[in-house]
Every structure is written in structure tokens, then in C-alpha cells.
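The values are calculated or read from the model by the stated rules, or taken from the named source; none is laboratory data. Remember, predicted model here, so these are calculated numbers, not experimental data. So basically every Cβ, Gly included, is an ideal-geometry build from the backbone, and we count neighbours across all protein chains shown.
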Amino acid sequence: MKEIILHYLWLHRQVDVTRLFTTKGEKIEVFQFGSYLQTSGPDFFNAQMLIGDQKWAGNIEIHVKSSDWYLHHHQTDINYDNVILHVVWEHDTEVYRKDNSEIPVLELRNSVDRFLIQRINSLLAAKQWINCENSIASVDTFLLENWKERLFFERLEERSVGISQLFESLQQDWEATFIAVLAKNFGLNTNGEAFLNILKEIPVAVLRKERFEKINLEALFFGIAGLLEQNFEDNYPRQLQNIWNYSQIKYGLKAIPNAYLQFYKLRPDNFPTIRLAQLAALFHQSSNFFSLVNQIDSLEKAMAFFDVKVSDYWNGHYNFDRQSKSKERKLSPDFIELLLINAIIPLQYTYSKKLNKDVSEEMIVFLQKLKAEKNVILDKFKTLGIENKNAYDSQALLQLKKKYCDTKQCLKCAVGIQLLKK
């Protein structure tokens, strides 16, 4: 059983409502199944129901097993304090809130049509991944390598177009463009847009003026992000609040309402608090961001450029007012390589194009020295016999899957064309 199937069953009311009882034998009468927002926190919000003789309003969390509650550490997360019903496929343990009150559990496996489950499993069963998966390994190596080069530069060109548009929107300021692109990539897919919006709110002149004090930059970033709008116990966030309150008046800045920074499902090292602190540390040590980044032509130089230290507070915290195990929150080599692939190299390529300078060969050589990326798409290509030796290969294969395989553009793909000739 998969959790996504349970989400489907609850969302579409595919349960026998006449047979809903908690594991303690109390009858459940559902008035509202809740809203499926797919954001951080419980799976369904604002549900209403009668459990026994007690009417409840609150949230619903869904798991395959009851014990997944503890596996996902919900017992320590305040977002789950208002869960009124734990819906599971298999009940294997009791679950308690932080105040030690027991959460009612609904076990679904006896309340769902078994034929429906079979049909869902058939629908979700693995299908052919790409049209040529049984024959792509037979494609001539020389042709495939040439096609990879084309794919790599297609992907680089797409990113270059986005950077150029950002450059124009920022009054053709390369410094501001670099800051924005780097900020977006520090936020990764989850918080990238939010980070971009945060940094776009701060004029480059203000960053240059305040960069001499790391805590001033932190106050700007956390303040714009709306993370300083509460009462704190720790001294450090109270200092940030004071600096932010002064900076708001001095520079006419405002917090972004509902910045939508996400913590949910992120590893703590990728929490937006840590990444913003690291970004502040980077800007603190760099006097001319773009001139420096344009000189990065080796992994060694990149590692030196991104070798920054966050404020001591963050070495012992992932969130304000919540102590955690102490360790140095440095940028990992893998994260730095991601920044190179997704930010630095596209920036260098775009800048060189503006100067009518061809750096194609340098880009390939640089990427071939970086480790291959890892994800499910690249793992699947490997099982089909397609090598993924370095970041250059990774970028080409991701472009192939997204732009050709997923969109069934086989007649525009060098692989498909050769296979048709055979």
C-alpha cells in the first residue's frame, strides 16, 4: 500500500461511510473530509466529524501505518497538534499528542472496496518509461555523444534566456543579476522563488553598504522573509529584530507578506534559515560579487569562494529559539557543485554571450570535471545502459528526458531518428 493511494481514497470519499469506526470501537460520522492543500503540515485541513458523542473540528493526517507518525517525528511538530483523526491502512501502535492525549485512529483496510484497490494498483503499475527504452543502448556511441553536446547546450541556452530576462528587469546590472540567480539556487526548488523575491527587495547599494557586518545582512534577509515577526527568547534573534526595525526605517524596506518559506520535507541543512544565514555569510566576505564569480574556472576556486562561516548561533540551531546538536553549518561540496551547475556556469555563459565570446569548450571541460548528479531519472538511464559519468552527462540526459522523452518528440531526437533508420 502507498500513502498516495490513501490520499486518493480519502479525497474522493472512496470509503464505506457506514463502516467507519475508530480502533477503539467509536463510530465516526464525517461531515467534512477536509481540504487537501498539499502544503506543510497535516494532509487534510479543517475537517469536521462526530467521533462517538464528541463533535470535532481540525486536521487529518494519513499514513500507511500508525507508527509512521513517530517515524516522521510528528510528535514534536506543533503543526500536528490539531490533528483530530489519524487515518491509516494498518494500525500497529497508539499515537499521542504532545500533551499525551491519544489521537483517534481510523483503520481503512476493512472499509475500502478491494476491487478498487486492484484497479488503482493497475493504473499506478510501472509503464514503459521512454519509448525507446528497449533499444536506446544500441544507438551508436559517436552519435549519442554528439547528441549529448547538443542537449547540454540546449539546456544551457534555456537558462541563459531566463538570466538575460532577469538582467534586463534589473536595469542591466550584472551584480544584481548574480545576487538574484545565486539566491534562487540557494533556495533550491522548494524555496528558490521565495529567496529570489527576498533578495530582489533589497537594493544592491544597501547590500554593499551593510555587508561589512554579517548580522546586518542576516537581519535584512530574515526581516524581508518575515521571520522576525514574533517574540523571541534568545538574544540573537532579538538583536536581529532591533537591526531590522532600524533598517526598515532607514531604507524604507518592508517584509514580504506570506513569503511562503517552506521547511516541510526538507533536511535540516536545507532549512531556509540555514541557507539564508549562509548566503549572508557569502555576501559578507565578498566585495564585488560578479567580478569574483566570473573568475571561477575550477572546482578548487569554487570551493574557496564558497568557503564561508555562518554566525555562531546557527552552528547550534536550525530554527530560532530551538537548540540543536552543534556542528559547523558549512556549504557541503555537493551543494557547491549544484551551485556551479545551476547558477555559476549559466551566469558565466550568459555574460560571455553578451561579450560575443565563445566559451563552449570551456563549459564542457568544466562540467566534465564535476561529479555526476544523482536522481531517479539518471538512475533509470543507467539501468538502460546509458552512462552518466559526470555533470555534463547529467545535464544532457535530464534535457533529453524532459524535452524529448516526456513530450514524445522522438522524430526530433537523434536517438529516435537513428532507431527509425535501423
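Annotations
- Residues located in the stretch 323-341, provided they are farther than 14 Å from Gln278 by Cβ and assigned to a loop (DSSP other than H, G, I, E, B): Ser324, Lys325, Ser326
- The single residue among Asp269, Asp334 that is of a type outside the set (A, V, I, L, M, F, W, C) and touching a residue at least 40 places away in the same chain (Cβ under 8 Å) turns out to be Asp269.
- Number of residues in the stretch 299-322 that are assigned to a loop (DSSP other than H, G, I, E, B) and without any contact (Cβ under 8 Å) to a residue 24 or more places away in the chain: the value is 1.
- Pick from the stretch 51-88, criterion in a loop (DSSP other than H, G, I, E, B) and not charged (D, E, K, R), ranking: surrounded by the most Cβ atoms within 10 Å (Cβ to Cβ): Ser66
- Qualifying residue in the stretch 148-164 (condition: among the small types (Gly, Ala, Ser), farther than 23 Å from Ser352 by Cβ, touching a residue at least 40 places away in the same chain (Cβ under 8 Å) and in contact with a helix residue (DSSP H, G or I) (Cβ under 7 Å, 6 or more places away or on another chain)): no
- Boolean, Ile296 is crowded, with 20+ Cβ neighbours inside 10 Å, touching a residue at least 40 places away in the same chain (Cβ under 8 Å), outside the structural domain of Ser40 (by TED's automatic domain parsing) and in a loop (DSSP other than H, G, I, E, B): yes
- Residue count for the stretch 231-249, restricted to those that are without any contact (Cβ under 8 Å) to a residue 40 or more places away in the chain and loosely packed, with under 11 Cβ neighbours inside 10 Å: 3
- Only listed residue being within 21 Å of the chain's Cα centre (by Cα), surrounded by fewer than 16 Cβ atoms within 10 Å (Cβ to Cβ), in the same structural domain as Ile215 (by TED's automatic domain parsing) and modelled with pLDDT under 95, chosen from Lys265, Lys325: Lys265
- Qualifying residue in the stretch 254-266 (condition: out of contact with any strand residue (DSSP E or B) (no Cβ under 8 Å at 6 or more places or on another chain), charged (D, E, K, R) and over 17 Å from Thr190 (Cα atoms)): yes
- Single residue of the stretch 29-50 satisfying the filter (aliphatic (A, V, I, L, M) and surrounded by fewer than 19 Cβ atoms within 10 Å (Cβ to Cβ)) that is farthest from Asn79 (Cα to Cα): Leu50
- The numbered conditions (1) of a type in the set (Ser, Thr, Tyr); (2) in contact with a Gly (Cβ under 8 Å, 6 or more places away or on another chain); (3) under 30 Å from Thr76 (Cα atoms) are all true for Tyr260 except (2).
- Hits in the stretch 173-212 (condition: surrounded by fewer than 23 Cβ atoms within 10 Å (Cβ to Cβ), in contact (Cβ under 8 Å) with a residue 40 or more places away in the chain, outside any helix (DSSP H, G or I) and not basic (Lys, Arg)): Glu201, Ile202, Pro203, Phe212
- Test: Asn134 is closer than 30 Å to Lys412 by Cα, without any contact (Cβ under 8 Å) to a residue 12 or more places away in the chain and either of a type outside the set (A, V, I, L, M) or not in a strand (DSSP E or B) (or both): yes
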